[in-house]
Each structure stands twice: as structure tokens, then as C-alpha cells.
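Notes follow once the structure below has been shown.
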């Protein structure tokens, strides 16, 4: 999945960066602030405070947003859905 700045995610991993945070369990919901596509790496901040940096291929799950009717996958009322090619969440006016 391709992430972009501002995406909401859930992260859960153990830090292994050979610094003072080495071995720290980092987890929680947060927002992506930077995407390093060359190294497949995401940098962001957690809602509960603190920061995270981890590979986008693992340790990260997108947080699905609901439409105004409360559906998080698709809604026939407002056209909220998901792109079949990219997996990106879209509204009917963006197709």
C-alpha cells in the first residue's frame, strides 16, 4: 500500500535503531508526517505523544475513515468507496 502525508495509521513495533530507544515497544494510532519512498520508510507522530519511524511494508496498518453515514468500506448513499487499482479510499466525485 502506498501511504501519503496526513494518512492515519496504527503502528506496532519494537525499536531496533541502536540508540537510546532501542528495544522500546512503539505502538498506537498516529499520523504520517513524512514519506521516504526511496527507503520505503514512514515518519510520523503518535496521538498519545511521541514519534515513530518504521518501514511502510510492515508494522503499519491504515486506519479506515468512515463516511458521514458511518460505513468504513463503501457507501451507496454518498459514493464513498475504495479504488480497485490503488486501494486508495475515494469519493464518487474523485473517480
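Nothing in this text is a laboratory measurement; each read-out follows from the coordinates by a stated rule. Because the structure is predicted, anything quoted here is derived from the model rather than measured. So basically every Cβ, Gly included, is an ideal-geometry build from the backbone, and we count neighbours across all protein chains shown.
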Label point distance in nm, residue 31-residue 10, each placed 7 Å from Cα along Cα→Cβ
2.0 nm
Spin-label model distance (nm) - residue 45 vs residue 2, 7 Å beyond Cα toward Cβ:
2.7 nm
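Quote to one decimal, in nm, the extra length available between residue 77 and residue 58 on full extension: 0.36 nm per residue of separation minus the C-alpha distance between them. Could you put the intermediate results ahead of the total?
On the way: separation 19, 0.36 × 19 = 6.84 nm, distance 3.39 nm.
Length gained, residue 77 through residue 58: 3.5 nm.
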